[in-house]
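What follows is a short report on a single structure.
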Amino acid sequence: MLLCFETVKRFLGERLRGCRALVKSLQAYDVKYVFGLPGDTSVTLYDEFRKAEPDIHHIMTRDERNAAFMADAYARVAYRPGVCDAPSGGGALYMVPGVSEANNSSIPLIALTTEVSIPYMERGTLTELDQVALFKPVTKWNTLVKKASLIPQIVRKAFREATTGRPGAVHLSLPSDVLGEEIGEDVEIYSEEACKEVPSYRVYPDKESVRKAVSLLLSAEKPVIIAGGGALLSKAWDEVTELAELIVAPVATTLTGKGIIPENHPLSLGVVGDNGGKEYVNEIVRESDLVMFVGCKTGSVATIKWTLLGDSTKLIHVDVDPREIGKNYRIEVGVVGDAKCALRLIIDAIKEKAKKVDRPERLEEIKRKAEEWWDEAESRMDSPPGRIKPQRLVRELRKTLPKGSTLVIDAGTPTPYTAAYYPILEPGRRIVIARAHGEIGYALPGSIGAKLADPGRPTFALCGDGSFVIALGELETVSRVRAPLTLIVFNNGCYSWIKTLQHIYCDKRYYEVDFTEVDYCKIAEGFNLVGKRVEEPEKLEKAFKEALNSDVPTVIEVPVVPMHVEIPPVATWVDLTKKK
């Protein structure tokens, strides 16, 4: 898309200034939504956003952190960079947590902060802050824009940095005088087509690493594939499934990789590791003779603090970022490249060398263990009067929702239960979950971004009550945007994750974790939303269906059993409680 200066000038009827060049550059990249909050330094920029409607819809948020969360969730679902903005000083400070979450989760995000004018810097001007220094530790790349004529070029670099290699967050600090500065007639505004989506410019691995990986895969008797968020970001679901079927390797996923393979596939194990990993899944991984990590950072949760693998297990690590390969484990082969590209080369090489492997006993083992796990889980789903077990809530949700629905999940109570009890039945990003920092308060704003990214899919936010209150102001955004969302509040009256830690590690000495009683339905109604409270599991299905068919956003409050009362599928906790 090319918008030369003369074309823009004729269309606008006035000289091009920095703020207009910025907005036109975003339009060149087909940006549909910008999430943010106005401030003193962003008045001229917002005037340009107003003029850009309806090509770009600016979504005003009630908090800058939540603006970044919305852009993050939008990017995860749309596979396009999310864009957010904040004013200088406090606004920039508030945005940091959301930007850091996106960057550490390898999500393409463009963060724009406006800034005091350059002549006023270093003079104690109100809201002045070194925003480039602030964002340096939490971004892949960031810069201060010093001349308006550089804006189109810097925007192109921002999208390139956000989408190439290991994706991440970038930040542009935009002084007010630069946004108001006129631009000469020699400036062109255009986009780099490949960088409108992620991943861009896919990287292929070298042939020797592929050859070594193939040799190990064909010699293994009990191979396992562990797919992480990088595999999902690469859209490698077809390749993961094909490779698994070719060598009969069961597939486990990390929390962020959930959805890479339909979880009703005979070779799907579900989530592995500490948070939401089923016991039998972890056992199968421990008993394997070869593990192939694909797009996985081999972090503490997925590996149960690096205790998951057996001493003699051989490892192959596939990742687009060479810095991740071998970071935590001694590996036999490192394959540096885009997951989809690397797996396609490995699959083609295996097909040339060998026939399809046949291991019926492997499939039977997975089926038997899965059935045993589900039978035992179903036997424990009856709830006490007035409260519903979280696993029962999640199971009822899975029975009710169409298989293509999108769930946005908060850290805390909803995470282990969704990981274990909500199987994804079609490949793709159906679960949106922020795992870099375990930040609570993500699901409510994130559901707005996810819904706008794919409005045709039913979108549900699963919120802990602690998380819900942190993001409560965004109910006004939900009401204003009128996106037909459903927000489920897991009401256990406490910071349940921390209370469970105190239960296990502090001999039940609970301190500063319990809440006063809150009526979340009244709060919802105060924001012109529908509020429902469900206390009986038999009534969940009806509530979910009514929400699905409603044009008005709905908050469903469900009193749930706290995690310390019945330990959830968190491997470390389960092991400790068994020993006591």
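The values are calculated or read from the model by the stated rules, or taken from the named source; none is laboratory data. Given the structure is predicted, the values throughout are model-derived calculations rather than measurements. Cβ: placed from backbone, ideal geometry, glycine included. Neighbour counts: every protein chain shown. Heads up: the accessible areas ignore ligands, DNA and RNA and are worked out on the full protein's heavy atoms, side chains in. Shrake-Rupley method; radii C 1.70, N 1.55, O 1.52, S 1.80 Å.
I'd like to check something: does region 73-86 contain any residue that is in a strand (DSSP E or B), more than 26 Å from the chain's Cα centre (by Cα) and crowded, with 24+ Cβ neighbours inside 10 Å?
no
Being among the basic types (K, R) and in a helix (DSSP H, G or I) is the filter; apply it to region 496-552 and report the residue that is farthest from L401 (Cα to Cα).
Step by step, filter region 496-552, then rank; the result is K499.
Okay, residues lined up against (1) touching a residue at least 60 places away in the same chain (Cβ under 8 Å); (2) at positive phi:
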| residue | (1), (2) |
| --- | --- |
| L407 | no, no |
| G412 | yes, yes |
| A420 | yes, no |
| I433 | yes, no |
| P445 | yes, no |
| G449 | yes, no |
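Which one of these does A354 not meet: (1) open to solvent by less than 80 Å² (accessible area, probe 1.4 Å); (2) at positive phi; (3) out of contact with any Asp or Glu (no Cβ under 8 Å at 6 or more places or on another chain); (4) of a type outside the set (K, R)?
Result: A354 passes all but (2).
Tell me whether region 150-161 contains one or more residues that are surrounded by fewer than 16 Cβ atoms within 10 Å (Cβ to Cβ), out of contact with any strand residue (DSSP E or B) (no Cβ under 8 Å at 6 or more places or on another chain) and charged (D, E, K, R).
Within region 150-161 (the criterion being surrounded by fewer than 16 Cβ atoms within 10 Å (Cβ to Cβ), out of contact with any strand residue (DSSP E or B) (no Cβ under 8 Å at 6 or more places or on another chain) and charged (D, E, K, R)), the answer is no, since none of the residues qualifies.
Considering every residue within region 545-557, establish whether at least one is surrounded by 17 or more Cβ atoms within 10 Å (Cβ to Cβ), more than 25 Å from the chain's Cα centre (by Cα) and in contact (Cβ under 8 Å) with a residue 12 or more places away in the chain.
No - not one qualifying residue is present in region 545-557.
Given the condition out of contact with any strand residue (DSSP E or B) (no Cβ under 9 Å at 6 or more places or on another chain), in a helix (DSSP H, G or I) and farther than 16 Å from E242 by Cβ, answer yes or no: does some residue in region 340-361 qualify?
yes
Would you mind telling me which numbered condition in (1) touching a helix residue (DSSP H, G or I) at 6+ places or on another chain (Cβ under 7 Å); (2) at pLDDT 95 or above A483 fails?
All conditions are met except number (2).
Do the conditions hold for R330, that is, is it in a loop (DSSP other than H, G, I, E, B) and out of contact with any Leu (no Cβ under 9 Å at 6 or more places or on another chain)?
It is false that R330 is in a loop (DSSP other than H, G, I, E, B) and out of contact with any Leu (no Cβ under 9 Å at 6 or more places or on another chain).
Yes or no: S117 surrounded by fewer than 24 Cβ atoms within 10 Å (Cβ to Cβ) and either more than 17 Å from V138 (Cα to Cα) or free of Cβ contacts under 8 Å to residues at least 60 places away in the same chain (or both)?
So S117 passes the test.
Residue check, H437 against (1) at pLDDT 95 or above; (2) farther than 20 Å from G526 by Cα, all met but one. Which one?
It is condition (1) that H437 fails.
Out of P423, P445, P427, I need the residue that is more than 30 Å from V203 (Cβ to Cβ) and part of a loop (DSSP other than H, G, I, E, B). Which one?
P423
Got a sec? Which helices (runs of 4 or more DSSP H) wholly within region 1-60 have at least 1 residues that are open to solvent by less than 20 Å² (accessible area, probe 1.4 Å), in contact with a helix residue (DSSP H, G or I) (Cβ under 8 Å, 6 or more places away or on another chain) and at pLDDT 95 or above?
Ranges flagged: 18-28, 43-52.
If you take the residues of region 175-195 that are assigned to a helix (DSSP H, G or I) and farther than 15 Å from L150 by Cβ, which of them is nearest to the chain's Cα centre (by Cα)?
C195
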